[in-house]
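Please treat every number below as a calculation from the coordinates, not as lab data. As the structure is a prediction and not an experimental result, all values here were calculated from the model. Here the Cβ is made from the backbone with ideal geometry for all residues, glycine too, and neighbour counts use every protein chain on show.
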Amino acid sequence: MIRPLALLLAATVATLPATAPAQRMSDSYEFLKAVKDADGTKVTQMLDKPGSTIINTKDTTTGDTALHIVTRRNDATYIRFLLSRGAAINAQDARGNTPLLIAINANCDDCVETLLARKANVNLGNTSGETPLIRAVQLRNVDLADKLLKAGANPDQADRVAGMTARDYAKQDARSPQLTKLLTDAPKASARAVSGPKL
């Protein structure tokens with residue numbers, strides 16, 4: 001008689017941990033689906049739930065957050081909304097791409113300006129070490145490169161694949177003399193002071 005009761009209790013306890021993560025996964029999936037579908041009502045309802053931390057949930061396959069999704073569709077209004085609700089501006093997807101890098105890839109001026117105004121990290125590279133400035137130079141987008149430099153982008157930060165900097169890429173590509181001049185004239189990034197005792 002004790003054995004069946006013990007089995008029943010063990011079976012009940014074994015199912016408890018599996019239920020909670022499945023529910024969270026379901027909520028995450030539903031949230032990201034609502035963002036993809038631009039279902040503002042559902043997104044707002046899910047974010048308004050007391051204690052909700054779903055804003056920065058990531059797609060298990062791509063690593064995309066809601067902010068990545070709306071940036072890919074060039075939706076600066078939705079970017080502002082998600083940032084106002086606590087979206088992590090420098091979140092990285094599975095390839096290390098930030099929303100700023102995605103906005104640069106899409107040549108979305110409004111998205112870039114929105115992210116820069118909210119202090120997105122202009123020097124955070126992806127897994128290949130590509131920074132937003134390197135991508136802007138590779139895309140020969142003078143306006144975005146200029147905005148990034150004014151926001152503090154480092155023209156001498158090298159990527160991990162070719163070991164080249166934005167300045168190097170600009171010099172190598174003769175198709176955009178204006179971009180080459182912009183990067184050639186860009187001042188070197190100032191070295192940050194190292195904290196600690198002076199010897």
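Just for region 163-192: of the residues that are in contact with a helix residue (DSSP H, G or I) (Cβ under 8 Å, 6 or more places away or on another chain) and among the small types (G, A, S), which one is farthest from L139 (Cα to Cα)?
This residue is A186.
Restricting the search to region 130-182, which residues are without any contact (Cβ under 8 Å) to a residue 12 or more places away in the chain and closer than 22 Å to R118 by Cβ?
K150
Would you please name the residue that is nearest to the chain's Cα centre (by Cα), looking only at residues in region 25-76 that are of a type in the set (G, A, S) and assigned to a helix (DSSP H, G or I)?
Residue satisfying both the conditions and the ranking: A66.
Quick one: is I79 in contact (Cβ under 8 Å) with a residue 24 or more places away in the chain and within 21 Å of N121 (Cβ to Cβ)?
yes
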